[in-house]
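Enquirer: Handing you this structure, nothing more for now.
Nothing in this text is a laboratory measurement; each read-out follows from the coordinates by a stated rule. Bear in mind the structure is a predicted one, so any value in this text is a computation, not a measurement. For neighbour counting, all protein chains shown are included, and Cβ atoms are generated from backbone atoms with ideal geometry for every residue, glycine included.
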Amino acid sequence: MKKGNDEYYVIIGDDEKLKKKVEELTRKYKISEFDKKIIYSDTVSPQLIIQELQFLPVFSEKRLVIVKNIEAIKKSEWKIILDYLKNPYPHVCLILTGKSVEVPVSEDELFQEDLFSYEKEKTLEEEIFSSIYKDFSSKDFFNLLSEYLLKKERGFVFVIAAVEHLLRRKVIKGERKDIVKKFMTLHQLDFYLKTGRISPEKGLEVFLFYLFS
């Protein structure tokens, strides 16, 4: 099963299909080995799996995270993963794979394309990422992020991912001025937020002011 723009796949009992999908995503997003991660769900809890997905790619357009042995995830533990699949991070390609799967919905439902479909009305998250590819002005993009921060729907993880995509878009378009410095500042901010050195509200406000000034 595929969701959205390669946000996640579920591959059951097919190692050859898994291998081909990994190769396909690696080529498509030029994913470096550094930005690939394999997690074994029989040794890592679902909570830690979701935490791992928060990290941004360093050398690639997206990260590739492969969660193996999902048959080890208990039916009662699937809620946090299903909640994530309803609204996955755009900077991650997630592959869930194993011999079987036991979830609080039927296997037929899990493989329905529309199980986790978005509402017809575009969400603010989708609008923000669409603006990156529609040549919105920095002011318009800043206003969208500010609106998002006020709602605090997803916290700093989404905002940092959106800003990183904007910076990568600027590089593709040939803009080089201060981009490396801004990338370094972005990843430093990401680290400080995740380690609790600064609060999400203050950290994001300061960085957004710097980025769009």
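Enquirer: Of the residues that sit in the range 68-90 and are over 22 Å from residue 168 (Cα atoms) and touching a helix residue (DSSP H, G or I) at 6+ places or on another chain (Cβ under 6 Å), which one is surrounded by the fewest Cβ atoms within 10 Å (Cβ to Cβ)?
Expert: Applying the filter and picking the extreme gives 80.
Enquirer: Of all residues in the range 61-102, count the ones that are without any contact (Cβ under 8 Å) to a residue 40 or more places away in the chain and of a type outside the set (A, V, I, L, M, F, W, C).
Expert: 13
Enquirer: Taking the condition of being touching a helix residue (DSSP H, G or I) at 6+ places or on another chain (Cβ under 7 Å), closer than 18 Å to residue 91 by Cα and of a type in the set (Asp, Glu), how many residues in the range 14-63 meet it?
Expert: 1
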